[in-house]
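**Q** Encoded as structure tokens, here's the structure I'll be asking about.
The values are calculated or read from the model by the stated rules, or taken from the named source; none is laboratory data. Note that the structure is a prediction, hence the values are computed from the model and not measured. Positions of Cβ are backbone-derived with ideal geometry, glycine not excepted, and every protein chain shown enters the neighbour counts. The accessibility values were calculated without ligands, DNA or RNA, using every heavy atom of the protein model including side chains. Shrake-Rupley method; radii C 1.70, N 1.55, O 1.52, S 1.80 Å.
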Amino acid sequence: MNLATKDIRHNFGRFALTAVGIGMLLMVVMGMGGIYRGVVEDATLLIDRVGADLWIVQRDTRGPFAELSRVPANLVYRAAAVPGVQSSREFVYHTIQRQRDGQPLRIAVLGLSWPTDKGEWVPLMTGRPLGQSHYEMITDKTLGMSIGEQLNLGKETYTVVGTTSNMISSGGDGIAFVTVTDAQAIQFDTPGEAVRLERAARESRGEAFEQAIQQPMMLENAGRPTVQIPAIARPQISAVMVTLSHGANPNEVTKTISGWGDVSVYTAEGQRELLLKGSVEKVRKQIGLFRVLLTIIAAIIMALILYTLTLDKIHSIALLKLIGAPNTVILGLIMQQALILGIVGFGIAYLVGQQLFPKFPRRVIIANADLLELAGIVLAISVLSSMLGIWKAMKVSPNEALS
Amino acid sequence: MTSDSKAYAIEADGLTKIYGSGNTEVVAMRDASMNVKQGEVVALLGPSGSGKSTFLTAVGLINPPTSGRITIGGKLVLDGETAQTNLRSFRREHIGFIFQKSNLIPFLSAVENVQIAMELNGESKRSARSRAIELMDYLGVADRADNLPSMLSGGQQQRIAVARAIANRPSVILADEPTAALDGHRGRQVMELFAKVAHEQGAGVIVVTHDHRALDVFDTIYEMEDGLMHEHND
Ligand SMILES: Nc1ncnc2c1ncn2[C@@H]1O[C@H](COP(=O)(O)OP(=O)(O)OP(=O)(O)O)[C@@H](O)[C@H]1O
Ligand SMILES: [Mg+2]
């Protein structure tokens, strides 16, 4: 006869409530792990999906995912000329915050190298990749836009032609894919008044410039649009992505490019590492410590509950000893209840989590390895936390059955 | 007293029990001795506080005496407070108890309370259950087999405790006012059951009782007074 389950049946309401409580606590522990996985996954998904072998970034920076990186747009052509490089693409990436229906809308704008890159690699939920060089975009579903919806950014109106999922910046903002030129237009959008002021500033600087006084033509130049003035650089891009040709030695190509004084080069794996070690590392520690704390709290609460469950049974335990039950029977009674509590709690955590986690604003990824690890931890704390109760039970004298 | 100790189920020799120490010291039992032959049914009488329960729990190996020796079935099991064997397994195999207040496990049904004693002693679940039902049937409580103790009357609980005590066919049965909660007829029936078990199995039985109506069932009557034990002779 199994005493543990008989006792549970007798005190079912209390036991069930306790199991739900433990389950909720374990669900939070599980969720914390899932949130961390989600952060890592979101942060690295773009690097993994975009399919670049090498990243060329501003010299001595850690790349556009870690900090601000600025390289000239023509770096694309220099990179393409390196032996072993099959193709190179611009990478333009920046986050903007706008207002939509009274709510702040944060968008990570990512430029695709039209026409070589139309966003075919982006996993689409609905719609299609970009079909023209301007005014179309593919948006992540977290931005809450559907096909055909329009959004004003800068001076232009962009139409959603496709939606994707799980394409999120490391800050957790949904990504909108547009062409590089559109991305730059959004980034460097200057109002007419700013243009006029800049032009006036150029003219007044020119008037103070001796050469301009001698050659009035130069002053006239200063008044022309920025794009027509050779002395003013074109808008810069964040980085250049390089795809190596089949069989090319990445080390060779890396060596060549790192010889250039204005840029640094990383492999995709290197970029990934930098990202994880940088911004994600602190999140990892934060969540990790929180998990440890929660696990300890769960263990303490379980120990207290099992202890009070044992206290309630002191008379029965004394009686069992009196009629000759060996210690293994009493130990088994408490230990089994601890394990049942742990296992049922874990089950509740898993089932409730499955329903609840998808409703979280950021992704919560429950990996099997994490589940297994948590199951191990739960077993361990079940056993450990029953110790207090077992210690108490072992001290009970059969005499107490008579009092 | 014969020299053949094998014929004795219980030999309690010079038991003294002192509770507490100093100012609060209580001598509950002074040099109490009693020998119970196999198949003998003994009644233990005495006023409240005279030490009857102290004697019974000492012989039951759950409340060791301060001094004195207890031998059960020819085996010395307690010498003063020192155990000469594993008392718990010895209790399980050889001793059946019924206590003043009913002592059932609250989360087990009536039949399970009887069953558990046999299962702990290695009996299979099935035969334990059928014997439990059989005993309960004899005691008139079979119809309450699946009730929890809290749903039973005091007398019914006491009868379940009796069934549990004799379930393992112990060589010693110790009962502390087992019939207090029973009416005269049921009380007598329980006493007769003890006598039957004693005679059929050769068990030694000690029953603490205040019920003078059923004294004819007993082979021997002892009386305790202020911790002292003496045989009662009318
Ligand atoms: N655990 C204890 N600590 C201190 N004194 C005790 C303890 N148990 C019993 N006593 C004392 O020992 C004496 C004998 O008690 P015992 O319970 O053996 O009496 P009893 O004959 O069974 O009485 P009753 O008929 O009322 O059950 C009493 O004076 C009692 O107060
Ligand atoms: Mg008493």
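**Q** Has the stretch A:171-184 got any residue that is open to solvent by 80 Å² or more (accessible area, probe 1.4 Å), part of a loop (DSSP other than H, G, I, E, B) and not small (G, A, S)?
**A** Scanning the stretch A:171-184, I find no residue that is open to solvent by 80 Å² or more (accessible area, probe 1.4 Å), part of a loop (DSSP other than H, G, I, E, B) and not small (G, A, S), so the answer is no.
**Q** Can you tell me which residue in the stretch A:131-161 is surrounded by the most Cβ atoms within 10 Å (Cβ to Cβ), limited to those that are hydrophobic (A, V, I, L, M, F, W, C) and touching a Pro at 6+ places or on another chain (Cβ under 9 Å)? It would help to see each step written out before you state the result.
**A** At the first step, the residues of the stretch A:131-161 found to be hydrophobic (A, V, I, L, M, F, W, C) are A:137-138, A:143, A:145, A:147, A:151, A:153, A:160-161.
Right, trim to touching a Pro at 6+ places or on another chain (Cβ under 9 Å) and you get A:138, A:161.
Values: A:I138: 27, A:V161: 22.
The qualifying residue surrounded by the most Cβ atoms within 10 Å (Cβ to Cβ) is A:I138.
**Q** If I ask for residues that are at positive phi and not in a strand (DSSP E or B), which ones from the stretch B:12-56 would you list?
**A** Within the stretch B:12-56, B:G20, B:G22, B:G39, B:G46, B:G49, B:G51 qualify.
**Q** Out of B:R144, B:R164, I need the residue that is more than 16 Å from ligand 1 (Cβ to nearest atom), open to solvent by 10 Å² or more (accessible area, probe 1.4 Å) and under 12 Å from the mean Cα position of the chain (by Cα). Which one?
**A** Exactly one of B:R144, B:R164 is more than 16 Å from ligand 1 (Cβ to nearest atom), open to solvent by 10 Å² or more (accessible area, probe 1.4 Å) and under 12 Å from the mean Cα position of the chain (by Cα), namely B:R164.
**Q** Which numbered condition trips up A:T190, out of (1) at pLDDT 85 or above; (2) over 21 Å from A:Q103 (Cα atoms)?
**A** (1)
Conditions tested, residue by residue: (1) away from chain A (no Cβ under 14 Å); (2) within 14 Å of ligand 1 (Cβ to nearest atom); (3) within 13 Å of B:V41 (Cβ to Cβ).
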residue: B:D176; (1), (2), (3): no, yes, no
residue: B:G184; (1), (2), (3): yes, no, no
residue: B:V208; (1), (2), (3): no, yes, yes
residue: B:R213; (1), (2), (3): yes, no, no
residue: B:V217; (1), (2), (3): yes, no, yes
residue: B:N233; (1), (2), (3): yes, no, no
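**Q** Being more than 14 Å from chain B (Cβ to nearest Cβ), assigned to a loop (DSSP other than H, G, I, E, B) and within 23 Å of A:S169 (Cα to Cα), is that true of even one residue in the stretch A:30-51? Outline the logic, then answer.
**A** As a first pass, look at the stretch A:30-51 and keep what is more than 14 Å from chain B (Cβ to nearest Cβ): A:30-51.
With the extra rule that they be assigned to a loop (DSSP other than H, G, I, E, B), the set shrinks to A:51.
Narrowing the set further to residues that are within 23 Å of A:S169 (Cα to Cα) leaves A:51.
Yes, some residue in the stretch A:30-51 is more than 14 Å from chain B (Cβ to nearest Cβ), assigned to a loop (DSSP other than H, G, I, E, B) and within 23 Å of A:S169 (Cα to Cα).
Okay, residues lined up against (1) open to solvent by 60 Å² or more (accessible area, probe 1.4 Å); (2) within 30 Å of B:N113 (Cα to Cα); (3) more than 25 Å from the chain's Cα centre (by Cα):
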{"site": "A:G13", "(1), (2), (3)": "no, yes, yes"}
{"site": "A:L17", "(1), (2), (3)": "yes, yes, yes"}
{"site": "A:G51", "(1), (2), (3)": "no, no, no"}
{"site": "A:W55", "(1), (2), (3)": "no, no, no"}
{"site": "A:S69", "(1), (2), (3)": "no, no, no"}
{"site": "A:L75", "(1), (2), (3)": "no, no, yes"}
{"site": "A:Y93", "(1), (2), (3)": "no, no, no"}
{"site": "A:R98", "(1), (2), (3)": "yes, no, no"}
{"site": "A:A108", "(1), (2), (3)": "no, no, no"}
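**Q** Separate question: Tell me the strands (runs of 3 or more DSSP E) entirely within the stretch B:170-234 that contain at least 1 residues that are open to solvent by 20 Å² or more (accessible area, probe 1.4 Å) and among the acidic types (D, E).
**A** Numbers: elements: B:172-176, B:204-208, B:220-225, B:228-231.
Strands (runs of 3 or more DSSP E) meeting the threshold: B:220-225, B:228-231.
**Q** For B:L78, state whether it is open to solvent by less than 10 Å² (accessible area, probe 1.4 Å), at the interface with chain A (Cβ under 8 Å from one of its Cβ atoms) and of a type in the set (A, V, I, L, M, F, W, C).
**A** Here the answer is no, as B:L78 does not meet what is asked.
**Q** Okay, moving on. With the requirement that a residue be aromatic (F, W, Y) and part of a helix (DSSP H, G or I), what does the stretch A:196-249 give you?
**A** Within the stretch A:196-249, none qualify.
**Q** Turning to a different aspect of this structure: When you look at B:E119, is it part of a helix (DSSP H, G or I), over 17 Å from the mean Cα position of the chain (by Cα) and closer than 23 Å to A:T310 by Cβ, yes or no?
**A** yes
**Q** Take the stretch B:28-56 and flag every residue that is β-branched (V, I, T) and within 8 Å of ligand 1 (Cβ to nearest atom).
**A** Listed by number, the list holds a single entry, B:T54.
**Q** Within the stretch B:83-99, does at least one residue satisfy the condition of being open to solvent by 10 Å² or more (accessible area, probe 1.4 Å), in a loop (DSSP other than H, G, I, E, B) and under 25 Å from B:A145 (Cβ atoms)?
**A** yes
**Q** Same structure, new question: Quick one: B:A117 ticks every box in (1) within 14 Å of chain A (Cβ to nearest Cβ); (2) open to solvent by 10 Å² or more (accessible area, probe 1.4 Å) except a single one, so which number is it?
**A** (2)
**Q** Oh, and also: Do we find a residue being within 16 Å of ligand 2 (Cβ to nearest atom), without any contact (Cβ under 8 Å) to a residue 60 or more places away in the chain, of a type in the set (V, I, T) and in contact with a helix residue (DSSP H, G or I) (Cβ under 6 Å, 6 or more places away or on another chain) anywhere in the stretch B:170-189? Don't jump to the end; show me each part of the working.
**A** Taking the stretch B:170-189 and keeping what is within 16 Å of ligand 2 (Cβ to nearest atom), we get B:174-181.
Checking which are without any contact (Cβ under 8 Å) to a residue 60 or more places away in the chain leaves us with B:179.
So of that shortlist, the ones also of a type in the set (V, I, T) come out as B:179.
Next, from what is left, pick out any that are in contact with a helix residue (DSSP H, G or I) (Cβ under 6 Å, 6 or more places away or on another chain): B:179.
Yes, some residue in the stretch B:170-189 is within 16 Å of ligand 2 (Cβ to nearest atom), without any contact (Cβ under 8 Å) to a residue 60 or more places away in the chain, of a type in the set (V, I, T) and in contact with a helix residue (DSSP H, G or I) (Cβ under 6 Å, 6 or more places away or on another chain).
**Q** Moving on. I want to confirm something. Restricting to the stretch B:1-35 and keeping residues that are among the charged types (D, E, K, R) and farther than 23 Å from B:T220 by Cα, which single residue is modelled with the lowest pLDDT?
**A** The initial filter retains those residues of the stretch B:1-35 that are among the charged types (D, E, K, R), namely B:4, B:6, B:11, B:13, B:17, B:25, B:30-31.
From the residues that got through so far, the ones that are farther than 23 Å from B:T220 by Cα too are B:17, B:25.
Numbers: B:K17: 96, B:E25: 92.
Top of the filtered list is B:E25.
**Q** Moving on to the next point. Within 28 Å of A:E269 (Cα to Cα) and of a type in the set (S, T, Y), is that true of A:T18?
**A** no
**Q** Determine the pairs where a residue that is more than 7 Å from chain B (Cβ to nearest Cβ) and assigned to a helix (DSSP H, G or I), located within the stretch A:316-341, has a partner that is modelled with pLDDT under 95 and open to solvent by 40 Å² or more (accessible area, probe 1.4 Å) with Cβ atoms under 6 Å apart, the partner being 6 or more residues away or on another chain.
**A** Qualifying pairs under 6 Å: A:A318/A:E400.
**Q** Something else now. Could you tell me which numbered condition A:L333 fails, if it satisfies all but one of (1) surrounded by fewer than 15 Cβ atoms within 10 Å (Cβ to Cβ); (2) away from ligand 1 (no atom under 16 Å from the Cβ)?
**A** (1)
**Q** Would you call B:M136 part of a strand (DSSP E or B) and either away from chain A (no Cβ under 14 Å) or more than 16 Å from ligand 2 (Cβ to nearest atom) (or both)?
**A** It is false that B:M136 is part of a strand (DSSP E or B) and either away from chain A (no Cβ under 14 Å) or more than 16 Å from ligand 2 (Cβ to nearest atom) (or both).
**Q** So is B:A110 at pLDDT 95 or above, under 21 Å from the mean Cα position of the chain (by Cα) and farther than 21 Å from B:R88 by Cβ or not? Before you say what the answer is, go through the steps one by one.
**A** Details: at pLDDT 95 or above: yes; under 21 Å from the mean Cα position of the chain (by Cα): yes; farther than 21 Å from B:R88 by Cβ: yes.
So B:A110 passes the test.
**Q** For the stretch B:61-75, enumerate the residues that are surrounded by 22 or more Cβ atoms within 10 Å (Cβ to Cβ), within 14 Å of chain A (Cβ to nearest Cβ) and either touching an Asp or Glu at 6+ places or on another chain (Cβ under 9 Å) or free of Cβ contacts under 8 Å to residues at least 12 places away in the same chain (or both).
**A** Residues satisfying the conditions are B:P65, B:I72.
**Q** If I filter the stretch B:122-133 down to residues being more than 10 Å from chain A (Cβ to nearest Cβ) and either on the phi < 0 side of the Ramachandran plot or part of a helix (DSSP H, G or I) (or both), which single residue comes out as surrounded by the most Cβ atoms within 10 Å (Cβ to Cβ)?
**A** B:A132
**Q** Can you find, within the stretch B:147-161, the residue that is surrounded by the fewest Cβ atoms within 10 Å (Cβ to Cβ) among those that are touching a residue at least 12 places away in the same chain (Cβ under 8 Å) and within 14 Å of chain A (Cβ to nearest Cβ)?
**A** Ranking the candidates gives B:S150 first.
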